[in-house]
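The next block holds one structure in the form of structure tokens; read it before the comments.
The values are calculated or read from the model by the stated rules, or taken from the named source; none is laboratory data. Quick caveat, the model's predicted, so the values are computed rather than measured. As a convention, Cβ positions derive from the backbone with ideal geometry for all residues, glycine included, and neighbour counts pool all protein chains shown.
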Ligand SMILES: NC(=O)c1ccc[n+]([C@@H]2O[C@H](COP(=O)([O-])OP(=O)(O)OC[C@H]3O[C@@H](n4cnc5c(N)ncnc54)[C@H](OP(=O)(O)O)[C@@H]3O)[C@@H](O)[C@H]2O)c1
């Protein structure tokens, strides 16, 4: 495996008004009872998850995952934090420091399919530093009205290439973009 074959993907779910979390942090909005009859089933998405070999997340996302139910199994997880958090799981590592060094020096040489799963603060930093290859955003059929916005005020302009749009049977639409590299 070489640095050239690795990919960093931001993946998050958002409401149609582009919030990734309610103000009170509750997550019931992620479950949808909608039906889109012509939509794809979720089987392909489940296969895709098996190809992820490293997750990166901020400490708030990590603490929510511990509280709400750990969805990352035994896949290596890198948590960004400046605090000393308790290491409850063998597959979790904590990191504080230069994100370029983390991604270029440690993650890309070791992992092929690196998923940055939030939250907003971490996604914003990764985009601003040019560390991201792809963004996949799953639009949940709901307007939240308020909450934590998905990468607001990222501070740079970034052209995107739309790679794939998938509408699922439960009304979720996934937009998969590639970040266009500037010369
Ligand atoms: N809808 C979705 O798909 C989705 C996905 C993920 C999360 N969420 C939700 O989004 C919310 C959390 O998002 P958020 O933006 O508030 O927080 P976040 O990005 O999850 O975490 C922010 C924290 O990460 C740490 N951090 C960030 N950059 C760092 C760096 N360069 N070096 C060291 N530490 C760094 C800091 O932790 P310390 O303060 O510990 O130093 C910072 O306070 C939660 O409600 C979560 O459930 C939703």
Could you identify the single residue in 92, 173 that is within 15 Å of the ligand (Cβ to nearest atom) and surrounded by 17 or more Cβ atoms within 10 Å (Cβ to Cβ)?
92
Among the residues of the stretch 112-133, are any at pLDDT 95 or above, more than 17 Å from residue 12 (Cβ to Cβ) and buried (at least 16 other Cβ atoms within 10 Å of the Cβ)?
no
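Per-residue answers, yes or no, for (1) within 8 Å of the ligand (Cβ to nearest atom); (2) more than 26 Å from residue 26 (Cα to Cα):
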residue	(1), (2)
88	no, no
96	yes, yes
99	yes, yes
102	no, yes
130	no, yes
143	no, no
153	no, no
156	no, yes
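Report yes if residue 137 is in a loop (DSSP other than H, G, I, E, B), within 14 Å of the ligand (Cβ to nearest atom) and surrounded by 13 or more Cβ atoms within 10 Å (Cβ to Cβ), otherwise no.
Values: in a loop (DSSP other than H, G, I, E, B): no; within 14 Å of the ligand (Cβ to nearest atom): yes; surrounded by 13 or more Cβ atoms within 10 Å (Cβ to Cβ): yes.
It is false that residue 137 is in a loop (DSSP other than H, G, I, E, B), within 14 Å of the ligand (Cβ to nearest atom) and surrounded by 13 or more Cβ atoms within 10 Å (Cβ to Cβ).
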Which pairs have Cβ atoms under 9 Å, sit 6 or more apart or on different chains, and link a residue in the stretch 74-89 that is in contact (Cβ under 8 Å) with a residue 40 or more places away in the chain and closer than 12 Å to residue 117 by Cβ to one that is within 9 Å of the ligand (Cβ to nearest atom) and outside any strand (DSSP E or B)?
80/59; 80/62; 80/96; 80/99; 80/102; 80/121; 80/122; 80/125
